[in-house]
There are 2 protein chains.
Amino acid sequence: MQILVLGGDGYLGWPTALHLSAAGHDVAVNDNFARRGYDEEMGVDSLVPIATLDERIAAWKDVSGKTINAYVGDLCDPEFTHSMVGDFRPQAIVQYAEQRAAPYSMIDQAHAVYTQTNNVVGTLNVMYAIADTDIDIHLVKLGTMGEYGTPNIDIEEGWIEIEHKGRKDRMIYPKRPGSFYHCSKVHDSTNIEFGCRTWGMRATDLNQGVVYGSDTEQTALDPRLATRFDYDGVFGTVLNRMTIQAVLGHPLTVYGNGSQTRGLINLVDTVECIRLACESPAERGEFRVFNQLTETMSVRQIAETVAREYPGDCTIEHVDNPRVEAEDHYYNVTYQALEELGLQPTLLGTTLIEQLFDVVERYKDRVDVAAIRPTVRWRDTTSQLHDPSGTLAKA
Amino acid sequence: MQILVLGGDGYLGWPTALHLSAAGHDVAVNDNFARRGYDEEMGVDSLVPIATLDERIAAWKDVSGKTINAYVGDLCDPEFTHSMVGDFRPQAIVQYAEQRAAPYSMIDQAHAVYTQTNNVVGTLNVMYAIADTDIDIHLVKLGTMGEYGTPNIDIEEGWIEIEHKGRKDRMIYPKRPGSFYHCSKVHDSTNIEFGCRTWGMRATDLNQGVVYGSDTEQTALDPRLATRFDYDGVFGTVLNRMTIQAVLGHPLTVYGNGSQTRGLINLVDTVECIRLACESPAERGEFRVFNQLTETMSVRQIAETVAREYPGDCTIEHVDNPRVEAEDHYYNVTYQALEELGLQPTLLGTTLIEQLFDVVERYKDRVDVAAIRPTVRWRDTTSQLHDPSGTLAKA
């Protein structure tokens, strides 16, 4: 089928485009390179060197013989978005093209507003492009498990049957997002559910856990096909960051007491989930929600796993939690739907972590140690982009 | 106390400012005159002639001896918003300054995006101004009953105790908004609840029913103090529109079968609710939600009430519903909190409707008959601003 991957130059978008192309789909990617721009702004860089989008696409042609088309432009430009969808006429659109770091959205007013307008307006424009072009185009939208927060009841897949004063209804699962970024994903879900209910749109909202890993079957074929690997305090996810700390001989930093529990998923499962969702589209008018994770672990357990598996010495250090989030909370998540579609989970094991240690070992000279520290505190509302005194990290 | 009324030049904002000033508070208003601009854009006008903000403020000084300060500017400009809050240093901020018409938000992509960015960014900037100036400033935010939709269970005041698989939590009441405008109010609520939970903000979110009425005790004191009265298919609310149809001898138009039930509130109760909310602020960190209505009626019952009370002949006509909304639905709403604070409800009665008939009679020469028809259909996504063929109204 024809699949358009928005944000196709990013950590997940690029491997997804390769995976879909390898599976025989006709793939196009869109990007405005905002993610590469954040690197410039924050003075950080991917641990693994990455090629330009043109180089990546040429490399994939060399390796596989397959063509991926690129549409370079900003989804916040409605005419660009409209003409791209009309030109490529996809059956499915995978929407990764959002600012995706919670700490980035909490830097200050400007970053909060940027995150919300970029994410919400971009997705609204995609919805209008679908409605105007062909309402049967299936929107596969990346959300996050962080939209739910940590409620004291089981987390269901997007909807919940509520019984109240002797009556019942099936309702959207109430959200408790953990940052302005997470709020933006809740806003998207609100808009998309409305589009399904009102226009008859088909949508799958994927509430994804924390992704870890550096390679898929396709990215490993050629260094020019590598995807980015972020480890900094703003864009780095917890497991990737801890493997770097281990290799450098630094203590693994755990925010707070580390009892915060999170859903996890390996990069190879992420790309496979997208394929499964695209190949089994939502019904007309259906707002379908899947929780996209394969296991749950506390941050402390993640640190203990990394420390145990690392062949050298490794210690764990608890630092003041820069975020405002619950510790010692209940956490029980339903995630059946993707396995029912055929997902074979790749659980966190020794092999996977070893592979990560290898990647980090290979590129450890590129690590900027200062970038690993948490630099954004949730309770500070004034600009935290540059912290000359270094007090944030010391606190 | 010092109270800043955002959107203080609007239908509700202006009478609220007068009511708070009359009650002895030190009031300032903010507006960017966007609402007057929509009149220009849509080619419509308030039935009741309204003075400029400067004239209004001068008239209030003449009549009462009291001063209302004005801050003219756009809340989407963060520096303006920040310096206004820092300059006036209010104890409470009443946030009316949002695009408030569901049909306007459904005209096309540009109006949907405008509504959501204007509303969400403006309110985010107010939140940052509060957090940076004084986290104890109480945000009194106008929401709408249309955020809830028409669930099959009772509608509670913003929060609901959910029992699920043997466990319990108090959670945000799940929303089912009826337009991109209603979605924007849900986004605001999501952001504000996060601000309360994370920064310790104090907020009251008022989910208001459909407002009707043209005068308050203060606006009636001088014609220069009058507030706007909208009756057009985009900005007019149902009861105000029907009184015009009655006076003109037109059939009262009911969308669909008219069984859709809505919460109602009189303008005089709206301004009193705001006073009560300001004078009893939310606790630190509390996201307090009140349902701001005094009775519920179906659209058909509203039409029947107008027809019964109108002294001349009056008929009711059912037209195809331009919106996508449930008819024949369950609707039972809790609205205790404001009465517990002291609200004495002004229920829809003969006197109130007679007063409305009088207003319309006085200004009926100003009515643009063509503007009354519904011109925006929820299922059409391309521009519906100008409909040269007139097919929308005929359908």
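The values are calculated or read from the model by the stated rules, or taken from the named source; none is laboratory data. For clarity, every value in this text was computed on a predicted model and none was experimentally measured. Backbone-built Cβ (ideal geometry, glycine too); neighbour counts: all protein chains shown. The area values use the complete protein model at the heavy-atom level, side chains included, leaving out ligands, DNA and RNA. Shrake-Rupley method; radii C 1.70, N 1.55, O 1.52, S 1.80 Å.
A compact table of results
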| read-out | value |
| --- | --- |
| Test item: Cα-centred dipole of chain A, Lys/Arg +1 and Asp/Glu -1 on Cβ, debye | 560 |
| Shielding of B:110-121 by partner chains, average beta-carbon count, 10 Å | 4 |
| Cβ-Cβ FRET estimate between residue B:327 and residue A:334, R0 fixed at 35 Å, reported to 0.05 | 0.55 |
| Summed side-chain charge close to residue B:367 - residues other than residue B:367 whose Cβ falls under 12 Å, Lys, Arg +1, Asp, Glu -1 | -2 |
| Inter-part distance where the range B:1-74 and the range A:245-283 are each reduced to a Cα centre, Å | 51 |
| Neighbour-limited loop hits for GluC sites (Glu not before Pro), the range B:313-345 (at most 16 other Cβ within 10 Å; DSSP other than H, G, I, E, B) | B:327 |
| Compactness of the range A:228-285 as Cα Rg over 2.2 N^0.38 Å, two decimals | 1.59 |
| Most positive-pole-ward Cα, A:341, B:218, A:198, against dipole of the protein assembly as shown from beta carbon charges | A:341 |
| Solvent exposure of chain A as accessible area per residue, Å², 1.4 Å probe | 35 |
| Position residue B:308, label points 7 Å along Cα→Cβ, spacing to each other copy in nm (shortest first, one decimal) | 7.3 |
| Sites residue B:168 and residue B:40, calculated FRET efficiency, Cβ-Cβ separation with R0 51 Å, nearest 0.05 | 0.45 |
| Rel. contact order, % - alpha carbon contacts under 8 angstrom, at least six apart, chain A | 20 |
| Entries in A:165/B:141; A:66/A:141; A:141/A:185; B:141/B:168 that, when Cα-Cα distance is taken, lie over 20 Å | A:165/B:141; A:66/A:141; B:141/B:168 |
| Residue B:33 versus residue A:66: modelled label distance in nm, points set 7 Å from Cα along the beta carbon direction | 5.8 |
| Largest-first ellipsoid semi-axes for the range B:204-345, taking √(5λ) over the Cα gyration tensor eigenvalues, angstrom | 29, 21, 12 |
| Dipole in debye (nearest 20) - the protein assembly as shown, about Cα centre, beta carbon charges: Lys, Arg +1; Asp, Glu -1 | 520 |
| Charge sum, other residues only, whose C-beta stays under 13 Å from residue A:161's C-beta, Lys/Arg counted +1 and Asp/Glu -1 | -2 |
| Size of chain A as Cα extents on the principal axes (Å, biggest first) | 63, 56, 41 |
| Inter-copy separations for residue A:330, label at 7 Å along Cα-Cβ, nm, ascending | 2.4 |
| Chain B - mean residue ellipticity at 222 nm from DSSP helices (-39,500 (n - 2.57) per run, n ≥ 4, rounded to 500) | -11500 deg cm²/dmol |
| Buried area at the A-B interface (accessible, heavy atoms, 1.4 Å probe, summed, Å²) | 5100 |
| Average other protein chain Cβ within 10 Å of Cβ, residues A:326-339 | 0 |
